[in-house]
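Presented below is the structure to which this report refers.
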Amino acid sequence: MTLLQSIVELVGPNQAVQIFGVKLVGVTAATGRKVLLSLAVVLVLSLAARGAQVLVRAALPGESGVQGRFWWRQTIRLVVAGAGLLLLLSIWFDDPRRLTTAAGLVTAGLAIALQRVITAFAAYFIILRGRLFQVGDRIVMGGVRGDVIALGFLRTTIMEMGQPPPVRADEPAIWVEARQYSGRIVTITNDKIFDEPVYNYTREFSYLWEEMHLPIPYSADRRVAERILLEAARRHTVRTTELSAEALRELRRRYFVDSADLEPRVYWQLTDNWLELGVRFVTRERGVREVKDAMSRDVLAALDEAGIAIASATVALAGLPPVRVSLDRRPEGPVA
């Protein structure tokens, strides 16, 4: 008898494991074989999944294959998870009656202890089936604005971007003043789709309507200022002819948008101090800050050339009430 056999023994008809004369409850030779077989199944499936992902990356390289790689990764994960679950159940529960009993107990326990986890896992399938978003989409989810860089069974990972001025007071605090990356990577559980709306910038129509406002004095040449804004918008933003035919058809089918609404247009608004000109235009979902920067430079140069000033808040004094000053002479000498 070897030293190992003297320490670990298999005793009884079920070959229970006994160590130093102490019998381990529930640990048998059959259980050990199932454990080893389960580890082998997990290892083989993990290697198969990694190999399949390598093949997908090789078959769909570059930026053009981002969407295809995303859907293939999700398919591989689901197939591997399903195959692993089926094989593990077959290894550990060879008797269907035992499987039914164990499944009932496990399901009851999970339903109580892992409510949020189950909800997040269910939300994963709703995200895919409902086509809410996918990797590469620019979304707002759980109060976080940014691009989806990873989507898992339980969590969504977003590369955070800044907030435009009207919403900079929202939580959490953002120091970037436009829709550009802040550098923070935020992880959000998938169950947030049940609690809050999900805003998608790119899913159905990869363009945005944007506006830029210009205040001018009432005495300025309003027609020239309007022409300057329109020329800048047409020069730097997306034209209707640049929009793909498929995007336009999909937009009109879903939202009944007329093609005239896609052309840049200037709106006038009367205020107490100046005339505010607002130009509305269509641009791509990314690079909005660059577009507005180029438009602002052109507009400012054209306004200087035309002699039109940008209005600012001023205060006009219509008149002053009469002011009277009275000086009373004090008596000389000491006061009694």
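FYI, it's all coordinate maths here, none of it is from the lab. This structure is a prediction, so every number in the text was calculated from the model and none was measured. Methodologically, a virtual Cβ is constructed for each residue, glycine included, from the backbone with ideal geometry; neighbour enumeration extends over all protein chains shown.
In what sequence do M159, M141 fall when counting other Cβ within 10 Å, fewest first?
Lowest count first: M159, M141.
Please arrange W209, W92 by how many other C-beta atoms lie within 10 Å of their C-beta, fewest to most.
Placing the least packed residue first, the sequence is W209, W92.
Using the beta-carbon distance between E63 and D304 and R0 = 45 Å, what value does 1/(1 + (r/R0)^6) give for FRET efficiency, to the nearest 0.05?
0.65
So who's got an amide H within less than 5 Å of the one on Y181, skipping anything under 5 residues away but keeping other chains? H placed 1.01 Å off N, in plane.
Those lying under 5 Å, H to H, from Y181 are G162.
Among D195, D304, which comes first, then next, by fewest other beta-carbon atoms within 10 Å?
Lowest to highest Cβ neighbour count: D195, D304.
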